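A short write-up of the structure that comes next.
The values are calculated or read from the model by the stated rules, or taken from the named source; none is laboratory data. Bear in mind the structure is a predicted one, so any value in this text is a computation, not a measurement. For neighbour counting, all protein chains shown are included, and Cβ atoms are generated from backbone atoms with ideal geometry for every residue, glycine included.
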Amino acid sequence: MAGSEWWRDGVIYQVYPRSFQDSNGDGIGDLSGIISRLDYLEWLGIDAIWLTPITVSPDADVGYDVSDYCNVQPQFGDLRTADELIAEAARRGIKVVLDIVPNHTSDRHRWFIDARSSRMAPHRDWYVWADPKPDGGPPNNWVSQFGGPAWTLDARTGQYYLHNFLPEQPDLNWWNPEVRDAFDDIYRFWFDRGVAGFRIDVAHGIVKDRELRDNPAATADDNPWLQRLGQRPIYNTERPEVHDVLRRWRGLADTYQPPRILLGETYVLEVRSMGRFYGEGDELHLAFNFTYVHAPFAARALAEVVAESELVLGNRNWPVWTVSNHDVSRVMTRWAGGDERKLRCALLSLLTLRGTPVLYYGDEIGMADTPIGREDLQDPLGKRHWPQPRGRDPERTPMPWRKAEGAGFTDAGVRPWLPFGDTAARNVEDQRRGPGSTLCFTRDLIALRRERRDLHAGRYRQLPAPADAWVWQRGSGTTVALNLSDHRVEVPGVTGLVLMGTTGSRHGERLKGTLTLAPWEGAICSSESI
């Protein structure tokens, strides 16, 4: 299905506000800093930015513990600055998508402060409470995503409250209609201010089993993540009733003109499960595909995920792809292992598959994970489990704008909230001056995607390919080929012209039936013989 909606045709760029640009010299990025970098994003060709939470938070989980959904974290600015950002972005043709956290609040939110004051408090039933077991233990066996029981005993009222993440992040009770009404108001508050939509945190897990049944144990055949948890979280995530909430939100988003979009963090590890969150075209507009993110960087593995996704989503639903985000090791480290050739193959695939690409800040210059010492840790996951797992700080470090003290991110002499990576090796200023850089490659790729209808709207069809190669057609006249191996491959049946390659030397090359690719090389080809 060829669409004309911006969220189908365009490129979304994820901004981690704390790490994008500091405007006031405190070492923390902010909204004014983002405004100052909008010209760069326009130059890059970005259609929308998604901001991780900018709402008020005590920062127990770096913004994902919200204490006020309708105001701005003071370190980032205020509502006037948010309005200015939305307006300045719009002047450049860029939409703004915000992050919303409906699964839980901060324990300092006024709702929870009231809820724990008494079993009879007006907001008591806004959260999930349960009596202890006869032995005084938690109500069931659910475990937190961050480790340990998902329940904390509230000594004042003698009941446990649920938190699927930190104890400072109590889970809301989505069986309560008052909670649903309150979030309708929050959505309207931001939609009315002009945001283009929301990325919904934990979109798959906000509704919990009403009976609070125990989860079954994980088995040796389960995904390693489930094995780490020790159970399959079938009763505290992916409950069927979550779809009622998503349909309600979609109905609300569709009352606006233009309709606002819903982009879901659907952290499920099966493609068919992910596909359910589109509903009958009446739930999420876009649901992140984490099966793809966690696949090996190998032709067969990636092609199989895409083929299954195409089958599950069909023509009506639209995929969304990403290769990095604030919770996942950066693509330069995870897939590319520091190899520039591999990085460019990953970026080429991201920007040429059928669907909406979401580019994580810094991926366009090949930012790698930054080593973080224990003394610099900010992520609660990293602090709780040092030295394993690694935590999420390495992929959240400040953007290197130039090779200088402060990296163009903050003032010279100011200590940033997280340490910089190797700013001399990779920074925006140097790469912007180099036509053969990864940054210019990414910009050219975005421009080609925008210019060529096949690449932003055409259907996907996988083509036969040699082992270790992945080849597909977009639309009727564009072929994309990747060699994800250490040896040369020859791809038969490709004629026409090379429009763009991962190396800059092949533009305009005429093909007469065979495309030869060096190790870790990719190309976009047109069947047109201009």
Number of positions in segment 113-142 that are surrounded by 23 or more Cβ atoms within 10 Å (Cβ to Cβ) and in a helix (DSSP H, G or I): 1
Pairs with Cβ under 7 Å, 6+ apart, first in segment 40-54 and over 18 Å from residue 439 (Cα atoms), second among the basic types (Lys, Arg) and part of a helix (DSSP H, G or I): none
Candidate set from segment 289-320 (those that are in contact (Cβ under 8 Å) with a residue 40 or more places away in the chain and not in a helix (DSSP H, G or I)); member that is farthest from residue 259 (Cα to Cα): 298
Which listed residue, of 188, 210, is not in a loop (DSSP other than H, G, I, E, B) and not assigned by TED's automatic domain parsing to the domain that holds residue 126: 188
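Rundown of residues vs (1) within 18 Å of the chain's Cα centre (by Cα); (2) assigned to a helix (DSSP H, G or I), yes/no style:
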{"position": "333", "(1), (2)": "yes, yes"}
{"position": "359", "(1), (2)": "yes, no"}
{"position": "367", "(1), (2)": "yes, no"}
{"position": "372", "(1), (2)": "no, no"}
{"position": "388", "(1), (2)": "no, no"}
{"position": "398", "(1), (2)": "yes, no"}
{"position": "405", "(1), (2)": "no, no"}
{"position": "409", "(1), (2)": "no, no"}
Neighbours by Cβ (under 9 Å, 6+ apart or cross-chain): first from segment 363-391, in the same structural domain as residue 28 (by TED's automatic domain parsing); second at pLDDT below 95 and among the polar types (S, T, N, Q): 381/145
Sole residue being under 30 Å from residue 131 (Cα atoms) and surrounded by fewer than 21 Cβ atoms within 10 Å (Cβ to Cβ), chosen from 241, 280: 241
Residue in segment 10-25 that is among the β-branched types (Val, Ile, Thr), closer than 19 Å to residue 188 by Cα, out of contact with any helix residue (DSSP H, G or I) (no Cβ under 9 Å at 6 or more places or on another chain) and assigned by TED's automatic domain parsing to the domain that holds residue 397 present: no
Any hit, segment 475-493, residues being at positive phi and at pLDDT below 95: yes
Flag for residue 99 being in contact (Cβ under 8 Å) with a residue 60 or more places away in the chain and in a strand (DSSP E or B): yes
Residues of segment 98-126 classified as within 21 Å of the chain's Cα centre (by Cα) and under 15 Å from residue 178 (Cβ atoms), total: 2
Some residue of segment 396-413 being surrounded by fewer than 20 Cβ atoms within 10 Å (Cβ to Cβ) and modelled with pLDDT under 95: no
The one condition in (1) closer than 29 Å to residue 353 by Cβ; (2) outside any helix (DSSP H, G or I) that residue 450 fails to fulfil: (2)
Residue under evaluation residue 160, criteria (1) part of a loop (DSSP other than H, G, I, E, B); (2) over 30 Å from residue 287 (Cβ atoms); (3) in contact (Cβ under 8 Å) with a residue 24 or more places away in the chain; (4) over 24 Å from the mean Cα position of the chain (by Cα), criterion not met: (1)
Subset of segment 485-512 [surrounded by fewer than 21 Cβ atoms within 10 Å (Cβ to Cβ), among the small types (Gly, Ala, Ser) and in a strand (DSSP E or B)]: 493, 496
Number of the exception - residue 507 against (1) farther than 17 Å from residue 454 by Cα; (2) modelled with pLDDT of 95 or more: (2)
Residue among 260, 248, 272 that is without any contact (Cβ under 8 Å) to a residue 60 or more places away in the chain and either within 26 Å of residue 179 (Cα to Cα) or not assigned by TED's automatic domain parsing to the domain that holds residue 471 (or both): 272
Any hit, segment 136-154, residues being among the acidic types (Asp, Glu) and within 23 Å of residue 233 (Cα to Cα): no
Among (1) surrounded by fewer than 20 Cβ atoms within 10 Å (Cβ to Cβ); (2) at pLDDT 95 or above - the single one residue 46 does not satisfy: (1)
Candidates 515, 445, 455, 482 - the one that is crowded, with 21+ Cβ neighbours inside 10 Å, in contact (Cβ under 8 Å) with a residue 40 or more places away in the chain, aliphatic (A, V, I, L, M) and not in a helix (DSSP H, G or I): 482
Answer residue from segment 347-371, given it is in contact with a strand residue (DSSP E or B) (Cβ under 9 Å, 6 or more places away or on another chain) and of a type in the set (A, V, I, L, M) and is farthest from residue 17 (Cα to Cα) among those: 353
Residue within segment 374-386 that is crowded, with 20+ Cβ neighbours inside 10 Å and among the polar types (S, T, N, Q) present: no
Residue ranges of helices (runs of 4 or more DSSP H) in segment 214-278 with at least 1 members within 20 Å of residue 325 (Cβ to Cβ): 224-229, 271-275
